[in-house]
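What follows draws every value from the coordinates through simple rules; no lab data is involved. Model, not experiment: these values are computed from the prediction. Cβ atoms come from the backbone with ideal geometry, glycine included; neighbour counts cover every protein chain shown.
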Amino acid sequence: MPTSARPRRSVLYMPGSKSRALEKARGLPADGLILDLEDAVGLAEKETARALVAEAVRRRGFGKREVVVRINGVDTQWGDADLEMAAFAGPDAILVPKVESAETVQKAAARMATLGAPERTQIWAMMETPLAMLKAPEIAAASPRLACMVMGTNDLVKELHAEHTETRTPVVTALGLCVLAARAYNLSILDGVYNAIQDTERLRVSCVQGREMGFDGKTLIHPAQIAVTNEVFGPSQAELDLARRYVTAFAEAEAEGRGVAVVDGQLVENLHVENARRLLAQAEAIAELEAALETEAVQ
């Protein structure tokens, strides 16, 4: 499916040092998986995790799920070896942490090209520091390989000396700056994690806020969070029904030489139809992915 329509409602972090977790990931209904070599891996396990993730990616056993490898920072002692491994293994994307400038993305892209990484392997950028927020536009424009921004809200709250709140008021400005940058340069963007693993109701509130702000989906830390996230970030049946009516009504209006239509007493212009078509394309991509996952589950 085209990258622009690829579902990224739920993207789950999985610790790269845990072989059982990597195996379990093959059966989870997440749209994407981040095989983590950074925060989820202790210092003594870095080399082991790199080998496990390399083997997991090479086996290609994740079906239609998007597979991303989060490397250690490029300026750490593990970063270049992680990047080299991922470039050769060829996941869908390499997630670079602590991005604070366009140069970081450009250096990663250049190194990937030197190593012969597949063209389909994209770069994702972790946005998790105050400087990253201020440099969001230049980061978003850094490289054709860059496809997605990922909010690191836990690190951001720490760096701001702020607090975690239900409304996320301390980081709303930062979230908005990154959404603006991502949309300006046609990138996907994922909201940060929600830390209370079992609190599905507050997770739902966080997901609704993220969708309202324009995020494509949310990064997750536990499989129990997948169902709610998929539901909230996917279009509802009511939204799809209305989208179809918008498309039909506008086509009829155009056939009659009019530039606007009326649906349920509301004016429908081309901009509304563009959004309606986006939702319909998203629903089609989700249905295709879920059908593939169901097929995998019964095999």
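Just flag the trypsin sites (Lys or Arg not before Pro) in segment 222-299 sitting in loop per DSSP whose Cβ has no more than 15 other Cβ atoms within 10 Å.
Loop-located and lightly packed - R258.
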Span from the segment 107-127 Cα centroid across to the segment 202-280 one, whole angstrom: 32 Å
Nearest 10 degrees, 0 to 90: helix 79-89 Cα axis against the chain principal axis: 60 degrees
Residues with amide H under 5 Å from that of Q122, placed H, sequence gap 5 or more: A93, I94
Orientation-averaged projected area, Cα convex hull of segment 89-191 (nm²): 6.2 nm²
5 angstrom amide H check on M127, placed H, neighbours 5+ away: V150, M151, G152
Options [x] 6, 24, 26, 17, 16, 9, 2; [y] 6, 26, 34, 22, 8, 3, 0; [z] 6, 25, 27, 18, 12, 8, 3, 0 - which one matches P(r) over Cα pairs in 10 Å bins from 0, in percent as calculated here: [y]
Lys pairs under 20 Å by Cα in segment 1-127, provided they are eight or more residues apart or on distinct chains: 4
Inter-site label distance for A110 and E231 at 7 Å from Cα along Cβ, in nm: 4.9 nm
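Give, as a single signed number, the net charge of other residues whose beta carbon lies under 12 Å from the beta carbon of M151, with Lys and Arg counted +1 and Asp and Glu -1. All intermediate terms of the calculation are to be shown ahead of the outcome.
Details: positive: R168, K218; negative: E128, D155, D191, D216.
It works out to a net charge of -2.
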Gyration tensor (Cα) of segment 15-99, equivalent ellipsoid semi-axes in angstrom: 19, 13, 11
